[in-house]
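Chemist: Here it is, the structure, as structure tokens.
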């Protein structure tokens, strides 16, 4: 839109349309665009207050007049003609990301081959199952106990491993008879 059509729309009471047109129209200049965004936010606040019924009608009229005056000033300062929008340079963005990935790969030691490498299949080893008759023949025979059999109310516990060697003989629960542990 040209400046004339923007001013005509504003005079007709189309503040929302003018602000929506100013946002893309001012993208070429950062300061003007920041003012247009702030003006849009101010207008949205005005609408919330108006629709919520929380503000006095006098304040609403004054606020709308201030917004319209700020929009007129923004229209006068905005450039005439086509909207100049800076396009994104995708080549630079792609090179930036590639540089980031290369830096991460250099730091961690991984390469793209590591990420896209097909995993080698894990070999499946099947256990060999022997018949139960063969298993019984290979089991060692138990040796007869060399210790004395426990008395009627006595329990013998023999524990031997790498860290502890001990013999615990207990009888009646109220009396501990022979407790021996070697470390």
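The values are calculated or read from the model by the stated rules, or taken from the named source; none is laboratory data. Computed from a prediction, not measured in an experiment: that's the story for all the values here. Here the Cβ is made from the backbone with ideal geometry for all residues, glycine too, and neighbour counts use every protein chain on show.
Chemist: Could you tell me whether residue 80 is modelled with pLDDT of 80 or more and within 30 Å of residue 23 (Cβ to Cβ)?
Modeler: So residue 80 does not fit the description; no.
Chemist: On to the next question. Take residue 114 and decide whether it is over 22 Å from residue 11 (Cβ atoms), modelled with pLDDT under 85 and out of contact with any helix residue (DSSP H, G or I) (no Cβ under 8 Å at 6 or more places or on another chain).
Modeler: Criteria met by residue 114.
Chemist: Moving on. Among the residues of the range 2-17, count how many are closer than 13 Å to residue 76 by Cα and touching a residue at least 12 places away in the same chain (Cβ under 8 Å).
Modeler: Residues meeting the conditions: 5.
Chemist: Go through the residues of the range 100-113 one by one and say whether even a single one is free of Cβ contacts under 8 Å to residues at least 40 places away in the same chain, surrounded by 10 or more Cβ atoms within 10 Å (Cβ to Cβ) and not in a helix (DSSP H, G or I).
Modeler: yes
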